[in-house]
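As structure tokens, the structure follows; a few thoughts come after it.
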Amino acid sequence: MEVISKFTIGSDQGVDDLFTVITSSISNTYKNLISEENLKKYIENWDPRKMINELNNLSNQLIITYADQKPVGYGILKSGSAYPGFSEDKRITELNFVILQEYNLSEIRESLWKKSKSATAFTDILWTNIFTEDPLLEFFKESGFVIKENSQTNPFLLPSYIMELQITKN
């Protein structure tokens, strides 16, 4: 399997690839927790133009991981995006990190993580809000993230953890 993770601009193709992953991920992750009607409503209300504008903000970066040219994961870095109670004397960046369940393989996780981490030299703390049942939770812990607090994750306000990773400068 050919795996590649690459920075992607907020173009129609980039957002289409992102939406492909989001749709599948939302459907699979929440299918036993959220009604099919609410899942469908969330997906139908997704606005590609809004996402293009958000991704073209210079504070945000999108990375998409492809397996055999099929989009299977993404990372979105949002610099300056913080959660309540963070250390205000530090530069902080939010990471949204998703890999489709059927592609949650070490080769794919490592590819997306390596590319995401390459874009963090400008920050002191990388943080994420991860669903407590997310299969990537252990990967985050193995990568050095620590749980800071309990929370709720969007879009359905289910139990989650705020996790942080202190970025060491070389």
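No lab work stands behind these numbers, since they all come straight from the coordinates. As the structure is a prediction and not an experimental result, all values here were calculated from the model. For neighbour counting, all protein chains shown are included, and Cβ atoms are generated from backbone atoms with ideal geometry for every residue, glycine included.
For the range 113-170, the Kirkwood estimate of hydrodynamic radius, built from reciprocal distances between every pair of different alpha carbons, is 12.0 Å. Note on the chain: Cα Rg divided by 2.2 N^0.38 Å, N the number of residues, gives 1.00. Give me the net charge of Ile125's neighbourhood, meaning all other residues with Cβ under 9 Å from the Cβ of Ile125; Lys, Arg count +1, Asp, Glu -1. Counting the neighbours of Ile125, the net charge comes to 0. Think of the range 3-166 as having a plus end and a minus end, set by charges on the Cβ of Lys, Arg, Asp and Glu; of Phe86, Ser11, Gln101, Ser11 sits farthest toward the positive end of this dipole. P(r) for the range 35-130, from all Cα pairs and a bin width of 10 Å, is 14, 38, 37, 11, 0 %, short bins first. With a threshold of 18 Å on the Cα-Cα distance, the over-threshold entries among Lys6/Lys70; Lys6/Lys115; Lys31/Lys115; Lys117/Lys141 are Lys31/Lys115. Here the range 1-125 is assigned +1 on the Cβ of each Lys and Arg and -1 on the Cβ of each Asp and Glu. Its dipole about the Cα centre then comes out at about 200 debye. Once the C-beta distance of Glu149 and Glu102 is scaled by a Förster radius of 41 Å, the resulting FRET efficiency is 0.85 to the nearest 0.05. Beta bridges from DSSP with both residues in the range 67-170: antiparallel share about 90 percent, rounded to the nearest 5. Stokes-Einstein, applied to the Kirkwood radius of the range 82-150 over Cα pairs at a viscosity of 1.306 mPa s and 10 °C, places its translational diffusion at 121 µm² s⁻¹.
Counting only DSSP H runs of at least 4 residues, each contributing -39500 (n - 2.57), and dividing by the residue count of the chain, the helix-based mean residue ellipticity at 222 nm comes to -10000 deg cm²/dmol.
Taking Gln61, Gln152, Gln69 as the candidate residues, the one with maximal mean-square fluctuation in a Gaussian network model of the chain, Cα springs under 10 Å, is Gln69. Comparing mean-square fluctuations of Ser118, Ser151, Ser81 from a GNM of the chain with C-alpha springs under 10 Å, the top value falls on Ser118.
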